[in-house]
1. Using alpha carbon centroids, what distance separates the stretch 71-119 and the stretch 121-169, in Å?
2. On average, how much accessible surface per residue is there in the chain, in Å², for a 1.4 Å probe, leaving out ligands, DNA and RNA?
3. For n ≥ 4 DSSP H runs only, could you compute -39500 (n - 2.57) per run for the chain, divide by its residues and tell me the 222 nm figure to the nearest 500?
4. What percentages, rounded to whole numbers, describe P(r) for the stretch 5-90 computed over all alpha carbon pairs with 5 Å bin width beginning at zero?
5. Assuming R0 = 35 Å, can you tell me the calculated FRET efficiency for the pair Thr10 and Val212, based on Cβ-Cβ distance, to the nearest 0.05?
6. Explain nothing, just compute: Karplus ³J(HN,Hα) = 6.51 cos²θ - 1.76 cosθ + 1.60, θ = phi - 60°, for every residue of the stretch 73-83 in order, whole Hz, x for Gly and Pro.
7. In sequence order, what are the phi-derived ³J(HN,Hα) couplings for the stretch 236-246 according to the Karplus relation 6.51 cos²θ - 1.76 cosθ + 1.60 with θ = phi - 60°, rounded to whole Hz, with x for glycine and proline?
8. State the antiparallel share, in %, of DSSP beta bridges confined to the chain, rounding to the nearest 5.
Amino acid sequence: MNQSIIETQTAWSDYELIDTGDGERLERFGETIIVRPFPEISWSKSQPKEIWDRADAIFIRTKGDKGYWKTKKPLPESWKIHWKDLTANVYLSPFKHTGVFPEQSAHWAWMKNLLVEQKKQKPEYQPHILNLFAYTGMASIVCAKTGAKVTHVDSSRSSIGWAKQNQAASGLDERSIRWILDDVMKFVTREVKRCIKYDGIIMDPPAFGHGVTGEIWNFKSSFPKLIDLCKQILVENPLFILVNAYAVSIYPETLEKMLNDLTKKYDGNIESGELVLQESQSKKLLSTGIFARFSKK
Ligand SMILES: C[S@@+](CC[C@H](N)C(=O)[O-])C[C@H]1O[C@@H](n2cnc3c(N)ncnc32)[C@H](O)[C@@H]1O
């Protein structure tokens, strides 16, 4: 079995995890500092109260993941942050999200590198990448920027709207990504029937979710079925497959074994681990989720 790895994202100029403690995380997106609840954080804060008091917005939880943002000054509806040559719109959602999962920049760098290397080896070949549960599209944009053909699937109209804004802000033409508003299972089932093949698959399945017309996504029962379907839509020698997941109550090694069902017939490397953010000040690590990924040899 491979050793579990820890993929660590440190601060970059437009994002910083400043501190964590007592069930909260203090972060900076661009110039704006926010506090979000994160119940898994059971240790104490490292930074003094004055640092935490610099927050411009604090998420106040009301029920479940829902809540509202208490702001200290008027904030724009959205603002821009940059990662390499990409631009993302940040906004404060009523589910405590910001439209960007900064820890995933570790995955963006990984897939960008694979696509750039492939392009050097086969400049004439345009890989086709499928991004499932694609949210606001940063991974889609990373791939499209390298010249890959990208199909982006999500069941939320508003997420696709944000993704298109991120695409435009990143200087890409709207036709550089095929936008699909659909239930993932329905879409992949159709791609199987249409014999469409992909060189790479990215997926960020939630623990629970809904398709466009209420189809139920339940990681535990739906994910193995999705893996089975994905077996039928891969090219003979796929470039990469990435599965990222939050709050799914399984170990990275379990996710790796499930991904291995899909990738075992291909010649490549498979690895799994935790995706962590490193605090800029005390350098403590915050584990945010798990992943398993395969790349061609
Ligand atoms: C926020 S992202 C993934 C982030 C992370 N995995 C999490 O659990 O928060 C999840 C995305 O999956 C989409 N989604 C959920 N269920 C879906 C389904 N059945 N078909 C297509 N997209 C779905 C949501 O609209 C959302 O954009």
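1. A separation of 13 Å, based on Cα centres.
2. 47
3. On the way: 7 runs with 76 residues, N = 297.
So the helix-based figure for the chain works out to -7500 deg cm²/dmol.
4. 3, 12, 20, 24, 21, 14, 5, 1, 0
5. 0.40
6. Running phi through 6.51 cos²θ - 1.76 cosθ + 1.60 with θ = phi - 60° gives 8, x, 10, x, 4, 8, 9, 9, 10, 10, 9 Hz.
7. 5, 9, x, 7, 7, 9, 10, 10, 10, 8, 10
8. Beta bridges within the chain, antiparallel portion: roughly 65 percent.
The values are calculated or read from the model by the stated rules, or taken from the named source; none is laboratory data. Remember, predicted model here, so these are calculated numbers, not experimental data. Positions of Cβ are backbone-derived with ideal geometry, glycine not excepted, and every protein chain shown enters the neighbour counts. When the accessible area is computed, the model is the full protein with side chains, heavy atoms only, and any ligands, DNA or RNA have been set aside. Shrake-Rupley method; radii C 1.70, N 1.55, O 1.52, S 1.80 Å.
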